[in-house]
1. Specify, per residue and in Å³, the volume enclosed by the convex hull of the alpha carbon atoms belonging to the stretch 121-205.
2. Need one value: the accessible area of Asp236 in square angstrom, 1.4 angstrom probe, rounded to the nearest 10.
3. Can you tell me the relative contact order of the chain? Whole percent, Cα pairs under 8 Å, sequence separation 6 or more.
4. Given the protein chains as shown and a 1.4 Å probe, how many square angstrom of Lys262 are accessible, to the nearest 10?
5. Which log10 I(q)/I(0) values, to two decimals, does the stretch 125-171 give at q = 0.14, 0.22, 0.32 Å⁻¹ under the Debye formula with one point per Cα?
6. So for the pair Arg196, Leu13, with labels modelled 7 Å out along Cα→Cβ, what separation do we get in nm?
7. Evaluated at 20 °C with a viscosity of 1.002 mPa s, what Stokes-Einstein diffusion coefficient in µm²/s does the stretch 40-145 have when Rh comes from the Kirkwood expression over alpha-carbon pairs?
8. I want to check the label-to-label distance for Asn184 and Glu74. Put each point 7 Å from Cα in the C-beta direction and report it in nm to one decimal.
Amino acid sequence: MLVVWPTGSGKSLCFQLPALVLAENAKERGEEPGVTLVFSPLIALMEDQVSALRKRGIKATYINSTLSKKKREERYSKLAEGKYEIVYATPERMDKPEFVRALETVPGGVNLLAVDECHCVTRWGHDLRPAYQRVGEFRKQLGNPVTVALTATATREVRDDVRRVLGFDESSMPLSALPVDRPNLKLEAVDAWDDRAKVERITETARDYPGTGIVYFALIKDLDRMAGELRRAMPDRTVRIYHGKLSPQNKKYIYNEFTKAKPEDNLLLLATNAFGMGVDKPDIRFIVHAQIPGSVESYHQEVGRAGRDGLPSVCRLLYSQDDLAIQQQFTEWKNPGRPLMEEIVRTMHASDHADFDADELRLVILGKTGQSGIVDHALIRLNELGVVEQTSVSEAEPRYRLLRELKPGEVDDDEIAEKRKRDLMRLLRVVELTRSDDIASDVSRYFELE
């Protein structure tokens, strides 16, 4: 089953309840109950869901990089012994032999595979996680268990590719879809040509919609600069920041403060798109995009976090021509060319260093004025190809080492150019939303649920 339901509509129940039913039915037949495996990209989300399941007496756990080696080994042993009903993991865990061995040893095997945030599977989506591309092959390795794939945002193109990667077609993985529009959300777009105008629009929104709100930025430096402006403009508000460069400890602290905030706390979170996926908070009263997102998919996922309690909420998209240039630059970064990848491989091969991060390679290849963003994405692509491998678990500053040379024709210039074109067209669709008289209807048409 492919489940495309809006944020907050209960997608998790689509695998949590079947997991319990499958286990109970197996026990009644005198068989081993097996385990449900949930692949999720979000460590914070899996920790929260496991905690909630345990409170209900359900034998659930998670296995990820936040655990000590001793803790992971303990959980592998219990998994292999069949002590869990539901196990959450990031898809990158597929590369760990001890994880694979534990799953293959589970009495009754994997009875259900849930692929959460399945839009991460596809190159056509807005949030590719390379490990997700291998889930279909891993599913075969597990014996082709019953599979459910879930997301809040997926165009027809994305849905078709999710099925292909997981090894299904439309008949073998039918769609369960709910409308993407929600009547309690007021979607608006307004021009805001400079920081002063943005502060005014954000302040007005926070005044008109008391309670918790999120303001999204594309750039960390702009987020940090605006944090001071907004604190001065709204001394009655608690202003916090969240982005990918924060330490894991700070991220966890801010995440917990946000999810536990009461309406009277008037918490305002300034964040990049590093925050929000899977956040289970029903009473977010407003979402403001201070800088436009890169796709309608990203926009839809982010505004879908507002008003999950059904009460009126507002989502305001602030448009500035200058911000469009930011997303155009991101598009270039996300589509590095073959010459840059070849130069990265040559530089790593010629050096005595064991591994590199993006900044170190940028200095050698592009100089001090070069931008590490494009190098970051080139390394991600090389990692996906198996040319380099990540040697650190740091999300903020990953390091890589060279495994092999690039093969002739391994990087297709035409494919890169075509993807860049598609990404720019998706950005154009967002710009069109800023001029729309009915954003909700235009977003619904964009997804065209089958």
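The values are calculated or read from the model by the stated rules, or taken from the named source; none is laboratory data. Since we're looking at a predicted model, the values are computed, not measured. Backbone-built Cβ (ideal geometry, glycine too); neighbour counts: all protein chains shown. Only protein heavy atoms, including side chains, enter the accessible area calculation; ligands, DNA and RNA are left aside. Shrake-Rupley method; radii C 1.70, N 1.55, O 1.52, S 1.80 Å.
1. Convex hull volume per residue, Cα atoms: 156 Å³.
2. Its heavy atoms expose roughly 110 Å² to the probe.
3. RCO, the chain: 15 percent.
4. Accessible surface of Lys262 is approximately 110 Å².
5. Debye intensities relative to I(0), on a log10 scale: -0.34, -0.83, -1.40.
6. If labels sit at Arg196 and Leu13, their model points lie 5.1 nm apart.
7. It diffuses with D of about 149 µm²/s by this estimate.
8. 4.0
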